[in-house]
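Participant: Just passing along the structure, written as structure tokens.
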Amino acid sequence: DAGVTQSPTHLIKTRGQHVTLRCSPISGHKSVSWYQQVLGQGPQFIFQYYEKEERGRGNFPDRFSARQFPNYSSELNVNALLLGDSALYLCASSWGSGRTEAFFGQGTRLTVV
Amino acid sequence: KQEVTQIPAALSVPEGENLVLNCSFTDSAIYNLQWFRQDPGKGLTSLLLIQSSQREQTSGRLNASLDKSSGRSTLYIAASQPGDSATYLCAVFDYKLSFGAGTTVTVRA
């Protein structure tokens, strides 16, 4: 079975641009969460979606938005990119609303120049 | 606000030695605790999940304990191997996963 897949794996953007990151959860999983990991730190929670509804939001500016599609895949959008948005963006899927084991993808490495 | 701390930040041991990694959290109102492994530049691999009602969980050479009342978990890795070299992260779940900064382990051959 395929695990959590994220695309793209790497990308470079210029300050002020917009970026869309994509995540496909494990088949049968209905919850997708997004995390940002800056070098040397643990991941920080951005969003959780369950059954296509937003269930939680971390302490990130409104430039960050996300959605979940009917097939449970998800997109994370970041507008007006700043240098500080450079990070590894991780997607996690779980079967239930989050109280079950979380499985992570390989991440998308975003570099803002 | 949940704070998760992992001590030590880094650890270097000779092959064959047992590893002990510590994790503490400030709010005991959690549903579960999960240990992950992360290789450089990669995603997270789930190692063990302990539900809040459990005291410990085992998988192969790995054993994790949970003392929710004192806000502590310990991950034991028996008979370490060079392939165990990685960063180990613990995370607690209330309505989201809150992570520590990790312990970077180097196992010397």
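The values are calculated or read from the model by the stated rules, or taken from the named source; none is laboratory data. Small disclaimer: the values here were computed from a predicted structure and weren't measured. Positions of Cβ are generated from backbone atoms using ideal geometry, with glycine treated the same way; all protein chains shown enter the neighbour counts. Heavy atoms of the whole protein, side chains included, go into the accessibility calculation; ligands, DNA and RNA do not. Shrake-Rupley method; radii C 1.70, N 1.55, O 1.52, S 1.80 Å.
Participant: For region B:15-46, what are the residues that are part of a loop (DSSP other than H, G, I, E, B), under 18 Å from B:Phe93 (Cβ atoms) and open to solvent by 30 Å² or more (accessible area, probe 1.4 Å)?
Facilitator: B:Thr26, B:Asp27, B:Ser28, B:Ala29, B:Tyr31
Participant: Condition (residue is within 17 Å of A:Pro43 (Cβ to Cβ) and either open to solvent by 30 Å² or more (accessible area, probe 1.4 Å) or within 11 Å of chain A (Cβ to nearest Cβ) (or both)) applied to region B:47-62: is it met by at least one residue?
Facilitator: Yes: region B:47-62 contains one or more residues that are within 17 Å of A:Pro43 (Cβ to Cβ) and either open to solvent by 30 Å² or more (accessible area, probe 1.4 Å) or within 11 Å of chain A (Cβ to nearest Cβ) (or both).
Participant: Let me ask you something else. Could you go through region B:75-96 and let me know if any residue there is open to solvent by 50 Å² or more (accessible area, probe 1.4 Å), at the interface with chain A (Cβ under 9 Å from one of its Cβ atoms) and not β-branched (Val, Ile, Thr).
Facilitator: Yes, region B:75-96 contains a residue that is open to solvent by 50 Å² or more (accessible area, probe 1.4 Å), at the interface with chain A (Cβ under 9 Å from one of its Cβ atoms) and not β-branched (Val, Ile, Thr).
Participant: Still on this model: Can you name every residue in region B:97-109 that is hydrophobic (A, V, I, L, M, F, W, C) and at the interface with another protein chain (Cβ under 7 Å from one of its Cβ atoms)?
Facilitator: B:Leu97, B:Phe99, B:Ala101
Participant: Kindly provide the set of residues from region A:102-113 that are buried (at least 16 other Cβ atoms within 10 Å of the Cβ) and away from chain B (no Cβ under 12 Å), ordered by number.
Facilitator: Answer for region A:102-113, where residues must be buried (at least 16 other Cβ atoms within 10 Å of the Cβ) and away from chain B (no Cβ under 12 Å): A:Leu110, A:Val112.
Participant: Take the conditions within 14 Å of chain A (Cβ to nearest Cβ) and of a type in the set (D, E, K, R) and apply them to B:Asp27. Does it pass?
Facilitator: no
Participant: Sticking with this one: Working only within region A:58-101, note down all residues that are at the interface with another protein chain (Cβ under 9 Å from one of its Cβ atoms) and either part of a strand (DSSP E or B) or modelled with pLDDT of 95 or more (or both).
Facilitator: A:Gly58, A:Leu88, A:Leu90, A:Cys91, A:Ala92
Participant: Moving to a separate point now. List pairs: first in region A:41-56 and modelled with pLDDT under 95 and outside any strand (DSSP E or B), second hydrophobic (A, V, I, L, M, F, W, C) and crowded, with 19+ Cβ neighbours inside 10 Å, Cβ under 6 Å, 6+ apart or cross-chain?
Facilitator: From region A:41-56, no pairs qualify.
Participant: Still on this model: With respect to A:Arg22, is the statement that it is more than 14 Å from chain B (Cβ to nearest Cβ), in a strand (DSSP E or B) and open to solvent by 70 Å² or more (accessible area, probe 1.4 Å) true?
Facilitator: The answer is yes for A:Arg22.
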